[in-house]
1. Determine the shape class of the stretch 1-130: with a ≥ b ≥ c the square roots of the Cα gyration tensor eigenvalues, call it rounded for a/c under 1.5, and otherwise prolate if a/b is greater than b/c, oblate otherwise.
2. Where a ≥ b ≥ c are the square roots of the eigenvalues of the C-alpha gyration tensor, would you call the stretch 241-352 rounded, which needs a/c under 1.5, or, failing that, prolate if a/b is larger than b/c, or oblate?
3. Using 0.36 nm per residue of separation minus the Cα-Cα distance, give me the extension gain between Asn45 and Glu139 in nm, one decimal.
4. Among Gln135, Phe156, Leu121, whose Cα lies farthest out toward the positive end of the dipole of the stretch 110-160, if unit charges sit on the beta carbon of Lys, Arg (+1) and Asp, Glu (-1)?
5. State the answer as a single residue: which of Asn25, Met14, Leu305 lies farthest towards the positive end of the charge dipole of the chain, with beta carbon charges of +1 for Lys and Arg and -1 for Asp and Glu, about the Cα centre.
6. Please give the per residue accessible area of the stretch 221-333, computed with a probe of 1.4 Å over protein heavy atoms only, in Å².
7. Please give the charge dipole size of the stretch 267-345, origin at the Cα centre, charges +1 on K and R Cβ atoms and -1 on D and E Cβ atoms. Round to the nearest 20 debye.
8. For a protection proxy built on the mean count of beta-carbon atoms within 10 angstrom, sort 322-328, 288-294 highest first, please.
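The values are calculated or read from the model by the stated rules, or taken from the named source; none is laboratory data. As the structure is a prediction and not an experimental result, all values here were calculated from the model. Cβ coordinates were reconstructed from backbone atoms using ideal geometry, including for glycine residues, and neighbour counts include every protein chain displayed. SASA here: full protein model, heavy atoms, side chains in, ligands and nucleic acids out. Shrake-Rupley method; radii C 1.70, N 1.55, O 1.52, S 1.80 Å.
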Amino acid sequence: MTPIDRLDLMLNDMASADPLFRPTNFWDTGLVAIVDDLRAQGFDNFRAHKSALEMYVPTYASSAYRNNPASIHRLAKLIRGLARNDRVADLLLDDHVGKLQAQRDYLVFQAASRQASEPHLHDLSESEAGQPFEQHTFEERRFSRSFLNYLRGMAFLKQHADTSRLNSALEIGGGFGTAGEILLKARPRAVYVNVDIPPVAAVSTYYLKQALGDETVLGYEATRELETIDISRLPDGVRAVILCPWQLPKLVGEFDLFINFISFQEMEPDVVANYIKLVQPLTKRFVLLRNSHSGKQVVTKAGELGVFNPSSVDAMIDSFSAFELLARDYRVFGEFNEKSGFRSEVVAMQRK
C-alpha cells in the first residue's frame, strides 16, 4: 500500500470514529495543511514541509531561518566579505540554525546517558529519511531536535529507574516516530506501538519503515479490521505497530513504558483523561511525559491555534493514579524560558 493510500484509508475511517478519538481544535487547525503538503509534495521530503515544521517536526532553527534560510546565508557571506570576520559570521549562522542549543542538549544527553544500564543510547544516530530540514552532526552522528528531546527524556528516566528490562513501549501522539526509532535501534527485539491521528500516523508509518525496514513495521491496513490487537502475537519480524486512536480499545498486552511527549497538551482535558484511562492498565512499569507545565495557549473560537481548556502536567500526573512520581525537571532535561516563564517538564513515574 502506498503512503497516500494508507493516509486516505485512515482519514476515511476517522470520519466515523468517536469524537474522543478524533482531532480536537488544536490539530483541526493544522490538519488540512499537512494533508495538502503530503498530497502535493509526497512523503519523501515530509520533514521539510512547511506544515510539518509548524506542527510536528520541531527544530532549533529561528523562524527567520526556517522561512528564508537563503537570506541568512547571504547575510553571513556579507559579514565575511565586509567585516572580514569569519567568527562573527559563523556565530550568526550558528545562532539562527540553532547549533548552540542543539550542542547544549547533546552534551546534557551524553553526560546523563553514559551509565552502563540499558538501553544503551549514547551511540545512536538518526535516520535521514524524510529529508530533514535540520539535522546537526556531533561525533559523526546525526541529531534533530526531536531525536535529542527523546534521548534526553530517556536519559532522565534511566537516572531514576532501572530500565535494564525495558522491552516494550506504548506511545500516544508519537509524531513522525522518533521514540520508536530510538527504542528499536537501542533494543532491536523490543516492541513499540504508536497511537496517533492521521495524517501523522501515516507519516510515522512511512518514516519507521524507511528508518528500520519495511518488514519491521505493521501499518494500519493490517490491523484495521481486527477485533483484538495482541502485541504478544505479532507477525514474525514485526517490532513496530502504528495504530489510529479508535483502535486503542482493541489493544491487548503489557508495556514496560508509556510515553507522551507534547501531544497531551494539544488535546482537550476529556480526551486526555480518556487516553490515560485506556493506557494505564496496559502500562506495567513506567510513564514518561513531557508537556508544558500549564498547557497550550487558550483560544475562544474554533480555528484558532490552541485549546479551549488547557491540560496541565499536574493534572496528568494525578490522572495516572496507579503510578507514583519519581522525578520531574524542566531546567535541564526539559525547556525553560526565563523571559516568558515558559517551561516544558519531563516527568518520570513508576507503577506503585
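1. Working: a/c = 2.66, a/b = 1.48, b/c = 1.79.
It comes out oblate by the Cα gyration axes.
2. Numbers: a/c = 2.18, a/b = 1.24, b/c = 1.76.
Oblate, because a/c is 1.5 or more while a/b does not exceed b/c.
3. Details: separation 94, 0.36 × 94 = 33.84 nm, distance 2.51 nm.
Extending this stretch completely gives an extra 31.3 nm.
4. In the stretch 110-160, that residue is Phe156.
5. With unit charges placed on the Cβ atoms, the residue in question is Leu305.
6. Details: 4910 Å² over 113 residues.
On a per-residue basis, 43 Å².
7. On the way: 10 positive and 10 negative charges, 37 e Å.
Here the stretch 267-345 has a charge dipole of around 180 debye.
8. Numbers: 322-328: 15.4, 288-294: 21.7.
Highest to lowest by the protection proxy: 288-294, 322-328.
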